[in-house]
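Participant: My questions all concern the structure below.
The values are calculated or read from the model by the stated rules, or taken from the named source; none is laboratory data. These figures come from a predicted structure and were not determined experimentally. Cβ placement follows ideal geometry from the backbone for every residue including glycine, while neighbour counts extend to all protein chains displayed. Heads up: the accessible areas ignore ligands, DNA and RNA and are worked out on the full protein's heavy atoms, side chains in. Shrake-Rupley method; radii C 1.70, N 1.55, O 1.52, S 1.80 Å.
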Amino acid sequence: MSKTLPPATDVIVVGAGNAAFCAALAAAEQGVSVLMLERAPEAEAGGNSRFTAGAFRCVYNGVDDLRALMPDLTDDEVAKSDFGTYTEEKFFDDMGRVTEYRTDPDLCEILVTRSKSTMRWMRDKGVRFMPIWGRQAYKIGGVFKFWGGLTVEAWGGGPGLVDQLTKIARKNNVAIAYGARVLSLVADDEGIKGVRVKHGGKTVEVRAKGVVLAAGGFQANTEMRTRYLGPLWELAKIRGTRFNTGDGIRVALDIGAMPTGNWSGAHAVAWDRNAPEFGDLAVGDNFQKHSYPWGIMINANGERFVDEGADFRNYTYAKYGRVILMQPKQLAWQVFDAKIIPMLRDEYRIKQVTKVRANTLEELVNKLEDVDAEKALETIKTYNKAVMTEVPFDPSVKDGRATRGLAVPKSNWANTLDEPPFEAYAVTCGLTFTFGGIKIDTTARVIDTDGAPIPGLFAAGELVGGLFYFNYPGGTGLMNGSVFGKIAGTAAGQRAAQSP
Ligand SMILES: Cc1cc2nc3c(=O)[nH]c(=O)nc-3n(C[C@H](O)[C@H](O)[C@H](O)COP(=O)(O)OP(=O)(O)OC[C@H]3O[C@@H](n4cnc5c(N)ncnc54)[C@H](O)[C@@H]3O)c2cc1C
């Protein structure tokens, strides 16, 4: 688009991540003009969505549903894959269990029941998907068995998703302005009238009949995250974009939107101890270290501190970042032996990794920087003795290969650490996104503190509160943004189409 912003448009979408693009495309379907305002310069645009693996958690009742989504799947690929099913019941169960039944039931129902049709809609718009053979399936007897309810990813991962959506948006006449930071909303008693936005060093007003906020959470704002998540969170690393500083939430609260959800909660994972302060697009999500269920984690005191095998990784990884942050020196070392090293995920083999290797356990513990080596050795030996070696190891199911008699148990996939070489990887807390946000209803209208919708204001994605508490089932962030982005964009577009 041209260098200056238009004085008015029908619908403004704030942000240019996955939720924003879905909103913009849905609004454009209503035959109205749509302008996306993205704070980041084009080279860094796409929000957290660009940093993802592009994994979407969606309902499918069998291979036919997957084929409809991924028409490129060959018969041979289908024959070699055990996709199982991911029914609405399973999705509900997962959302309920991991959020300790706090998830907003109305929003959760929309998320689950619209996931399949929204994916089909994205596909119809031109987004291409493929199965996540690499990270979500194990090859057993020549067949890839999917294990964690997470089966579909966008072609090219997060960068591919954002590139595809950008092209599709442009093809659908959506205008995108980069380096355009929304500072506040323009509203009166009748509702939203537009936004004030800083673009090219100038603050201007752009008027609109509907505004969709899709500007992400507040994780990249040190002050806000320490205020709401609590002490030590200023020390966490940010896994994704540096631009999600809570602006979308703040501008809504400023005009009376209701805060809701788990404001002290966040999605946070094990992340390389020496990763940069914010995400690095060249590395993407590869600073994460997600193979901990097959090994053990040791803190600075030389002790284990969490049940690494409590559940499948998809259902523990998002809450263990917080547990690591609360350890002394905010660190943990993940330890593996030769039996498991070949099974480690690709992210363990990147160049930018904090890793030590040794041929004996004695040598290994002395290489663990900032760790009580003597205690660490004792911990590993005690753990080795506690492993129920009589139970076979099977990564594709919760195998019940546990420890016996430890104060901190390991419930599944307990492998002894006794075959050299040994490797250990240093991790700290990588904060993905915050859970607290603004309240919306099931039509994505932003609700005010009196419980009434704010006319013309809609929201979707990370900045919406109420869906996630304590924890999160992997792949739900993108799905959430797509489902509610589409709903928000449709509603904003319809409002604009009907307004004089
Ligand atoms: C490393 C990593 C890996 C992940 N992997 C996955 C995965 O595989 N699957 C999954 O489901 N989820 C994953 N997630 C979570 C997922 O990224 C988010 O849940 C999702 O992308 C949020 O989408 P969104 O559109 O709401 O926000 P974003 O994609 O973050 O977009 C928000 C946009 O708003 C812009 N913005 C902010 N402030 C302003 C302002 N004032 N004015 C204008 N624009 C503004 C930002 O620049 C940004 O472009 C991952 C996250 C990270 C960090």
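Participant: How tilted is helix 18-28 with respect to the longest principal axis of the chain? Cα atoms for both, answer in degrees (0 to 90, nearest 10).
Facilitator: Approximately 30 degrees, to the nearest 10.
Participant: Here is a further query. Using only the alpha carbons, work out the radius of gyration and Dmax of the range 160-227 in angstrom.
Facilitator: 14.9, 42
Participant: Reported to two decimal places, what Rg/Rh ratio describes the chain when computed on Cα atoms with Rh from the Kirkwood expression?
Facilitator: Values: Rg = 23.2 Å, Rh = 23.3 Å.
Rg divided by Rh gives 0.99.
Participant: Given Cα pairs under 8 Å that are at least 6 residues apart, what percent is the relative contact order of the range 342-459? Write down the numbers at each step before the final one.
Facilitator: Working: 130 pairs, mean separation 25.7, N = 118.
Relative contact order, the range 342-459: 22 percent.
Participant: Hey, another quick one. Would you kindly state the longest site-free stretch of the chain, with sites defined as GluC sites (Glu not before Pro) in a DSSP loop (not H, G, I, E, B) surrounded by at most 14 other Cβ atoms within 10 Å?
Facilitator: On the way: sites that count: 100, 190, 277, 369, 390.
Counting at most 14 other Cβ atoms within 10 Å as exposed, the longest clean stretch of the chain is 391-500.
Participant: A further question follows. Share of the range 136-218's accessible area from carbon and sulfur, percent, 1.4 Å? Numbers along the way, then the final one.
Facilitator: Details: 1730 of 3450 Å².
Within the range 136-218, the accessible surface is 50 percent carbon and sulfur.
Participant: Report, by chain and number, residues whose modeled amide H sits under 5 Å from the one on residue 440, excluding near sequence neighbours (fewer than 5 apart, same chain).
Facilitator: Amide H neighbours of residue 440, under 5 Å, 5+ apart: 447, 465.
Participant: Right, another one. Skip the ligands, DNA and RNA, and give the accessible area per residue of the chain with a 1.4 Å probe, whole Å². Write out the running numbers ahead of the final one.
Facilitator: Working: 18910 Å² over 500 residues.
The answer is 38 Å² per residue.
Participant: For the range 402-444 and the range 130-176, what is the separation of their C-alpha centers, rounded to whole Å?
Facilitator: Between the Cα centre of the range 402-444 and that of the range 130-176, the gap is 23 Å.
Participant: Can you give the helix-only mean residue ellipticity at 222 nm for the chain, where every DSSP H stretch with n ≥ 4 adds -39500 (n - 2.57) and the sum goes over all residues, rounded to the nearest 500 deg cm²/dmol?
Facilitator: Working: 14 runs with 148 residues, N = 500.
It lands at -9000 deg cm²/dmol.
Participant: List the extent of the Cα atoms of the range 388-500 along each of their three principal axes, largest first, rounded to whole Å.
Facilitator: Projected onto its principal axes, the Cα set of the range 388-500 covers 74, 26, 26 Å.
Participant: Give me the angle, in degrees from 0 to 90, between the Cα long axis of helix 373-386 and the longest principal axis of the Cα atoms of the chain, rounded to the nearest 10.
Facilitator: Helix 373-386 sits roughly 80 degrees off the main axis of the chain.
Participant: Quick one: if the Förster radius is 45 Å, what FRET efficiency do residue 93 and residue 351 give, using the C-beta to C-beta distance and rounding to 0.05?
Facilitator: On the way: r = 40 Å, r/R0 = 0.88.
With a Förster radius of 45 Å, E is 0.70.
Participant: Moving on to the next point. For helix 105-125, what angle does its Cα long axis make with the longest principal axis of the chain, in degrees from 0 to 90 and rounded to 10?
Facilitator: Approximately 80 degrees, to the nearest 10.
Participant: Something else about it: Gain in length, residue 167 to residue 235, computed as 0.36 nm per residue apart minus the alpha-carbon separation, to one decimal in nm? Kindly include the intermediate steps, with their values, before the conclusion.
Facilitator: Details: separation 68, 0.36 × 68 = 24.48 nm, distance 3.71 nm.
Separation in residues times 0.36 nm, less the Cα-Cα distance, equals 20.8 nm.
Participant: Straight-line reach from residue 289: which aspartates and glutamates fall under 18 Å, measuring Cα to Cα and dropping same-chain residues less than 8 apart?
Facilitator: 272, 277, 280, 307, 308, 311, 337, 346, 347, 369, 423
Participant: While we're on this one: Just need the relative contact order of the chain here, percent rounded to a whole number, with Cα pairs under 8 Å and 6+ apart. Display every interim value, and only then the final one.
Facilitator: Details: 1242 pairs, mean separation 121.2, N = 500.
It rounds to 24 percent for the chain.
Participant: I'd like the trypsin sites (Lys or Arg not before Pro) in the range 25-84 restricted to DSSP loop residues with at most 14 other Cβ atoms within 10 Å, sorted by number.
Facilitator: Details: sites: 39, 50, 57, 67, 80; in loops: 39, 57, 80.
Answer by residue number: 80.
Participant: Now, a different point. Just need the relative contact order of the range 118-248 here, percent rounded to a whole number, with Cα pairs under 8 Å and 6+ apart. Spell out each step's value before the answer.
Facilitator: On the way: 154 pairs, mean separation 17.8, N = 131.
The value is 14 percent.
Participant: A follow-up question, please. Between residue 196 and residue 382, what FRET efficiency comes out of the Förster formula 1/(1 + (r/R0)^6) with R0 = 56 Å and r the beta carbon distance, rounded to 0.05? Don't jump to the answer; show the numbers that get you there.
Facilitator: Details: r = 61 Å, r/R0 = 1.09.
After rounding to 0.05, the efficiency reads 0.40.
Participant: Oh, and also: With r as the distance between the Cβ atoms of residue 497 and residue 123 and R0 = 22 Å, compute the FRET efficiency 1/(1 + (r/R0)^6) and round to 0.05. If you can, show how the numbers build up before the last one.
Facilitator: Details: r = 25 Å, r/R0 = 1.14.
Efficiency, rounded to the nearest 0.05: 0.30.
Participant: So what's Rg/Rh here for the range 249-354, counting alpha carbon atoms and using the Kirkwood radius for Rh? Present the calculation step by step, with values, prior to reporting the outcome.
Facilitator: Details: Rg = 16.5 Å, Rh = 15.6 Å.
Across the range 249-354, the Cα-based Rg/Rh ratio is 1.06.
Participant: Can I ask one more? Full extension from residue 184 to residue 64: what is 0.36 nm times the residue separation minus their Cα-Cα distance, to one decimal in nm? If you can, show how the numbers build up before the last one.
Facilitator: On the way: separation 120, 0.36 × 120 = 43.20 nm, distance 4.59 nm.
That pair, residue 184 and residue 64, stretches by 38.6 nm at full extension.
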